[in-house]
Amino acid sequence: MAGTATAVIGAGYGDEGKGLMTDYFAARSGTDGIVVRFNGGAQAGHTVTAPGGLRHVFSHFGSGTLAGAATFLARRFVCHPSLFLKEAEALAALGLAPPPVFVDERAPLSTLYDILLNQLAERRRGNARHGSCGMGFGETVERSLDPEFALSVADLRHGAGWLLRRLAAIRDGYVPRRLAALGIPAPDGEAAAWLASDAALQGYVHAAMRFRRMTHTAHPAMLAEQEGVVFEGAQGLLLDQERGAFPYVTRSHTGIRNALEVATEAGIGALDVTYVTRAYLTRHGAGPLAHELPGKPYAGIRDDTNLPNAYQGTLRFAPLDLDLLVRAVQTDFADAAARPGMSARLGLAVSCLDQVGQAVSYVEDGASKSAAPEALAAHLAGRLDAGAVYTAWGPGRTTVKAQRGGWNSATPSPATAQAAGARATAP
């Protein structure tokens with residue numbers, strides 16, 4: 001049974017190495033483990049490279065899949081049946097039969113119309129784009145606020161006929177209203193044809209029914225019976241809907257808050273929270289990026305996941321701002337520290353250290369500084385009072401080193417927070 005669960009949280013704008021660290025922690029339990037996706041949806045792109053070189057970018061399935069861990073899609077995770085099937089097919093093409101996928105029936109369902117609305121809105125914004133990746137996540141959250149048009153996994157129990165009627169109501173009732181609210185004229189051309197397509201609607205229904213057959217509904221209480229529970233966050237702290245720079249945020253709590261909700265329902269009372277950052281800062285999409293650089297800061301940088309696309313453009317770079325990172329992490333960890341009955345320990349993981357050479361540049365107190373990769377990780381860990389520190393020197397779990405701690409025992413770290421109302425502090 002799970003006494004202490006692990007949580008992996010991105011400390012930046014996403015793309016920090018959450019897939020890598022989730023795989024690393026999940027591998028400890030192998031087929032006895034389970035990965036909990038507790039926020040975001042199919043717009044996630046978490047890259048995992050297995051020891052044998054097998055590589056996959058995860059969106060619906062947990063990033064512990066290659067390590068044999070099951071997946072639990074929690075109530076705040078936005079499910080998209082068609083994209084789930086697409087990923088299942090991609091895994092099958094790699095010769096993999098994924099471990100079981102469990103899903104909370106309260107989880108919302110995204111539709112083809114949410115994607116359409118998202119893409120039309122982002123295109124219309126032009127140079128004022130918000131940085132969306134065009135997958136319909138935020139539009140799904142918006143639609144779910146209206147009970148008349150909301151959809152959840154539980155609704156799939158009503159069958160294909162009911163779902164067909166619900167989707168038609170969304171298409172004919174909600175979409176025109178939402179377009180008007182966004183100030184977007186009725187679409188024409190290809191978008192109009194897609195919106196009017198009964199074949200597309202029926203294809204979604206077919207996918208949704210397959211999604212239901214391929215997954216197992218479950219309550220978070222089932223997590224208490226698992227040996228190794230890893231909470232896998234999506235996006236990063238600097239994109240949080242309440243703490244990021246609006247409107248360049250995602251409509252999600254990207255930190256520990258949703259994981260705490262699931263852990264409480266599951267009866268899990270202790271979390272080892274590892275905040276992940278690259279050795280440099282990236283942002284894929286529009287929005288502020290302090291100290292932005294004109295290109296890659298290190299010749300060794302290679303990113304085969306975050307390719308240029310029509311909605312987010314190209315990957316952007318900046319040196320790590322240690323003060324910004326520390327504030328973001330401490331603010332988020334305070335949520336865990338204040339949770340009644342929850343014991344939390346703070347850890348740090350620094351990825352991509354193999355890409356930066358002998359010295360890595362960063363910003364602290366407004367000044368540009370540099371240090372050896374190991375020294376940067378140690379300095380940042382000291383500022384965070386991190387009880388466990390992991391450094392990653394490549395794309396796979398075998399390159400991860402536990403520099404300090406590692407929490408292989410029950411020994412508390414200096415950043416343990418147990419009492420209700422306690423607050424995380426740093427020197």
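Restricting attention to segment 225-247, the residues being in a helix (DSSP H, G or I) and crowded, with 17+ Cβ neighbours inside 10 Å number 3. Is at least one residue of segment 111-119 at pLDDT below 90 and over 15 Å from residue 42 (Cβ atoms)? For segment 111-119, residues at pLDDT below 90 and over 15 Å from residue 42 (Cβ atoms): absent. For segment 255-309, a residue qualifies if it is under 16 Å from the mean Cα position of the chain (by Cα) and more than 15 Å from residue 36 (Cβ to Cβ), and the qualifying residues are 275, 276, 277, 278, 282, 283, 284, 285, 305, 306.
Considering 77, 72, 61, the condition of being surrounded by 24 or more Cβ atoms within 10 Å (Cβ to Cβ), in a strand (DSSP E or B) and outside the structural domain of residue 154 (by TED's automatic domain parsing) is satisfied by 72 alone.
Checked against the criterion of being touching a helix residue (DSSP H, G or I) at 6+ places or on another chain (Cβ under 8 Å) and farther than 18 Å from residue 210 by Cα, segment 84-92 has no qualifying residue.
For residue 338, the criteria (1) within 21 Å of residue 6 (Cα to Cα); (2) buried (at least 18 other Cβ atoms within 10 Å of the Cβ) hold in every case but one, which is (2).
Here 327, 404, 423, 345 are screened, and the one residue that is at pLDDT 95 or above and surrounded by fewer than 22 Cβ atoms within 10 Å (Cβ to Cβ) is 327.
Looking only at residues in segment 151-197 that are of a type in the set (Lys, Arg) and touching a Lys or Arg at 6+ places or on another chain (Cβ under 9 Å), the one that is surrounded by the fewest Cβ atoms within 10 Å (Cβ to Cβ) is 157. Assessment of segment 108-119 against the conditions (in contact with a strand residue (DSSP E or B) (Cβ under 8 Å, 6 or more places away or on another chain) and either at positive phi or in contact (Cβ under 8 Å) with a residue 60 or more places away in the chain (or both)) yields at least one matching residue. Of all the numbered requirements in (1) out of contact with any Leu (no Cβ under 8 Å at 6 or more places or on another chain); (2) of a type in the set (Gly, Ala, Ser); (3) farther than 28 Å from residue 247 by Cβ, residue 74 misses one, and that requirement is (3). Here residue 146 fulfils each of the conditions (1) acidic (Asp, Glu); (2) farther than 25 Å from residue 288 by Cα; (3) surrounded by 14 or more Cβ atoms within 10 Å (Cβ to Cβ) apart from (3). Pairs meeting the criteria (first residue in segment 18-39 and outside the structural domain of residue 79 (by TED's automatic domain parsing), second residue in a helix (DSSP H, G or I) and at pLDDT below 95, beta carbons under 8 Å, at least 6 apart or on different chains) are lacking. Here is the figure for segment 65-83: residues that are of a type outside the set (A, V, I, L, M) and over 21 Å from residue 31 (Cα atoms) total 7. Among the numbered conditions (1) crowded, with 16+ Cβ neighbours inside 10 Å; (2) touching a helix residue (DSSP H, G or I) at 6+ places or on another chain (Cβ under 7 Å); (3) part of a loop (DSSP other than H, G, I, E, B); (4) not β-branched (Val, Ile, Thr), the only one that residue 300 does not meet is (1).
Let's see how each residue does on (1) closer than 21 Å to residue 135 by Cα; (2) in contact (Cβ under 8 Å) with a residue 12 or more places away in the chain:
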| residue | (1), (2) |
| --- | --- |
| 180 | yes, no |
| 183 | yes, yes |
| 211 | yes, yes |
| 231 | no, yes |
| 241 | yes, yes |
| 262 | no, yes |
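Please find, among 152, 197, 144, the residue that is out of contact with any helix residue (DSSP H, G or I) (no Cβ under 7 Å at 6 or more places or on another chain) and either in the same structural domain as residue 241 (by TED's automatic domain parsing) or more than 24 Å from residue 258 (Cα to Cα) (or both). Only one candidate qualifies: 197. For residue 161, indicate whether it is among the small types (Gly, Ala, Ser), without any contact (Cβ under 8 Å) to a residue 12 or more places away in the chain and part of a helix (DSSP H, G or I). It is true that residue 161 is among the small types (Gly, Ala, Ser), without any contact (Cβ under 8 Å) to a residue 12 or more places away in the chain and part of a helix (DSSP H, G or I). Residue-level check: of (1) at pLDDT 95 or above; (2) more than 28 Å from residue 217 (Cβ to Cβ); (3) of a type in the set (D, E, K, R), residue 123 misses just (1).
Within segment 33-50, restricting attention to residues that are in contact with a strand residue (DSSP E or B) (Cβ under 6 Å, 6 or more places away or on another chain) and surrounded by fewer than 24 Cβ atoms within 10 Å (Cβ to Cβ), the residue that is nearest to residue 140 (Cα to Cα) is 45. Here 66, 120 are screened, and the one residue that is over 19 Å from the mean Cα position of the chain (by Cα) and surrounded by 15 or more Cβ atoms within 10 Å (Cβ to Cβ) is 120.
The values are calculated or read from the model by the stated rules, or taken from the named source; none is laboratory data. Since this is a predicted model, take the numbers as computed values, not measurements. Cβ: placed from backbone, ideal geometry, glycine included. Neighbour counts: every protein chain shown.
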